[in-house]
Amino acid sequence: MLAYSEVEKVEGDVGDFRVTVRKKARYVDEGKCTGCGACAEKCPTVVSDAYNMGFANAKAIYRYFAQGIPSTYTIDAKACRQLGQGKKCGVCARICQAGAIDHKQEDQILEMSVGAVILATGYELFDARRIPEYGYGRIPNVVTALEFERFLSASGPTDGHVYRPSDLKARNALPEMEKAVQKAARDLEKYEQRFSRTSDDFMAQFERESLEGDDYVKWAAQVKEHRSLAAGLAKAKEVVEKMHGAHRIAFIQCVGSRDIRFNRHCSVFCCMHAIKEAMIAREHDKEAEVYILGMDIRAVGKGSEEYRVRGAKEVGLRYIRTRVAEVTEEADRTPVIWYEDTKERIVKKIPLDLVVLSTGCEPSPATKPLAGLFGLEVNDFGFFKTKASSPVDTTRPGVFVCGCAQAPMDIPESVAQASSAAARAAQVLSGSEPMRLASCKEIG
Amino acid sequence: MNREVLVIGGGIAGIQASLDLAEMGFKVNLVEKLPSIGGKMSQLDKTFPTNDCAL
């Protein structure tokens, strides 16, 4: 297993591919690192946690997620004070008892020869910023389905509690704001001691008589800054005091899929994913109002239709047939969904605590470069091209594809297709020569 | 005939394909670009239609 590695070059043909892989430097020795985490605890550089979709913080030396395999830590070279910014640091190297930190580690180039290749490069989620009317990135209480997944997770950034992101942000900002107010107050104290009078008293006189002199002007500026910081803090505290779980949640379906502006294809898994998240949101909070707004619910696959019905009948989800027009925001950060009720033919709105966008499945950014490396064709939607009669065979013999690299699909289908691709690779590698040629000819 | 396989991508599909081939006795090289395997599925809390834990 080569984690943190990428394929760089491919030569040869079926039965004898020669592949060059770049194993990127982790700056941590995989053989020595025990995964204890002491380094990350002491690392002074805080970065945004990609695994938790930026809703939690990580350190510049990190493990992608707690149960990740391999459990070796990795230094984010760009963020690291020593590697990225050229400063003196080395805290991790001093704290590591195993002596695993190696700031001088370099990328390794590995050559391997293989008989067959399976592409399982997955997908990328649609960037919801491309639909500005839904407000993602601008309205804090609009999140994507994968971000919401992290909120629901007991190991996620909110320990499984669903709050409005705007409230969380306000709560997380409080300590910094308090520090700033205290610092401003200390600055004022210096003036107060020097001139033996209170700041309020001075300010009243300053505004009345416009006192002259640099010190007075500076002092007045300090007073104003302290007052504005304190007012900001009081307001933020008020918001945090009123903070409550997100009770009103709505899912918008087909964000970036089944939309001629972006992707014509259906992303397959989002309907069921939304129903699942909606059910779990109701499990967490029995009083929650949960809506799913979409053109229809595409419950494809085993057990899916029953799941959809269970969502409505037993869990109390509300499905609304529509195509959401816009999400707006009120002054108290409440997002409002505007849509046309296609049954009553009138425009309606729902005020909410949280809007979840079911973002579509797009080809992975790795698809195009890999198609170039291997000389493969992609289909009209940008996924690796296959035939309906041989869904895991790419346009090149000996190279197979499975999962969302081939088309959007759910987990059971990915697993089934992965086994199918494995079987095809095994056929090619172990078949007698004529059989192998026959199996390759089919797709030729 | 070379009996090694290269699997590119360590998500649920890549892991499943690798395990199948390994069980069949082939040597598998699994290449993943991120520091840990698991892919998108590792970010999921629970999965439909059974609401079982994903990890």
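The values are calculated or read from the model by the stated rules, or taken from the named source; none is laboratory data. If you're wondering where the values come from, they're calculated on a predicted model, not measured in any experiment. Positions of Cβ are generated from backbone atoms using ideal geometry, with glycine treated the same way; all protein chains shown enter the neighbour counts. These accessible areas exclude ligands, DNA and RNA; they are computed on the full protein's heavy atoms, side chains included. Shrake-Rupley method; radii C 1.70, N 1.55, O 1.52, S 1.80 Å.
The requirement of being of a type in the set (Val, Ile, Thr), under 19 Å from A:Pro369 (Cα atoms) and surrounded by fewer than 16 Cβ atoms within 10 Å (Cβ to Cβ) is satisfied by A:Ile109. Residues in the range A:118-136 that are part of a helix (DSSP H, G or I) and either without any contact (Cβ under 8 Å) to a residue 40 or more places away in the chain or open to solvent by less than 40 Å² (accessible area, probe 1.4 Å) (or both): A:Ala128, A:Arg129, A:Pro132, A:Tyr134.
Being more than 7 Å from chain A (Cβ to nearest Cβ) and either touching a strand residue (DSSP E or B) at 6+ places or on another chain (Cβ under 7 Å) or within 23 Å of A:Ser153 (Cβ to Cβ) (or both) is the filter here; which residues of the range B:11-44 pass it?
Once the filter is applied, which keeps residues that are more than 7 Å from chain A (Cβ to nearest Cβ) and either touching a strand residue (DSSP E or B) at 6+ places or on another chain (Cβ under 7 Å) or within 23 Å of A:Ser153 (Cβ to Cβ) (or both), the range B:11-44 yields B:Ile15, B:Ser18, B:Ala22, B:Lys27, B:Val28.
Every test in (1) at pLDDT 95 or above; (2) assigned to a helix (DSSP H, G or I); (3) in contact with a Phe, Trp or Tyr (Cβ under 9 Å, 6 or more places away or on another chain); (4) of a type outside the set (Val, Ile, Thr) is passed by B:Lys40 save one, and that test is (1).
Just one of the numbered conditions (1) more than 23 Å from A:Arg171 (Cβ to Cβ); (2) more than 25 Å from the chain's Cα centre (by Cα); (3) in contact (Cβ under 8 Å) with a residue 40 or more places away in the chain is not true of A:Leu229: (1). Residues in the range A:21-63 that are more than 21 Å from A:Val91 (Cβ to Cβ) and within 11 Å of another protein chain (Cβ to nearest Cβ): A:Val21, A:Arg22, A:Lys23, A:Lys24, A:Ala50, A:Tyr51, A:Asn52, A:Met53.
Residue by residue, here is whether (1) assigned by TED's automatic domain parsing to the domain that holds A:Glu147; (2) modelled with pLDDT of 90 or more holds:
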{"residue": "A:Arg197", "(1), (2)": "no, no"}
{"residue": "A:Phe202", "(1), (2)": "no, no"}
{"residue": "A:Asp214", "(1), (2)": "no, no"}
{"residue": "A:Lys224", "(1), (2)": "no, yes"}
{"residue": "A:Leu229", "(1), (2)": "no, yes"}
{"residue": "A:Gly232", "(1), (2)": "no, yes"}
{"residue": "A:Lys237", "(1), (2)": "no, yes"}
{"residue": "A:Ile249", "(1), (2)": "yes, yes"}
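Of the strands (runs of 3 or more DSSP E) lying entirely inside the range A:251-337, those containing at least 2 residues that are open to solvent by less than 30 Å² (accessible area, probe 1.4 Å) and either assigned by TED's automatic domain parsing to the domain that holds A:Arg130 or modelled with pLDDT of 95 or more (or both) are A:289-294. The condition of being open to solvent by less than 60 Å² (accessible area, probe 1.4 Å) and more than 11 Å from every other protein chain (Cβ to nearest Cβ) holds for only one of A:Gly115, A:Gly86, A:Gly90, that being A:Gly90.
When the residues of the range A:142-169 are filtered to those that are within 14 Å of chain B (Cβ to nearest Cβ) and aromatic (Phe, Trp, Tyr), the one that is surrounded by the most Cβ atoms within 10 Å (Cβ to Cβ) is A:Phe148. Scanning the range A:199-224 for residues that are among the hydroxyl-bearing types (Ser, Thr, Tyr) and open to solvent by less than 80 Å² (accessible area, probe 1.4 Å) yields A:Ser199, A:Tyr216.
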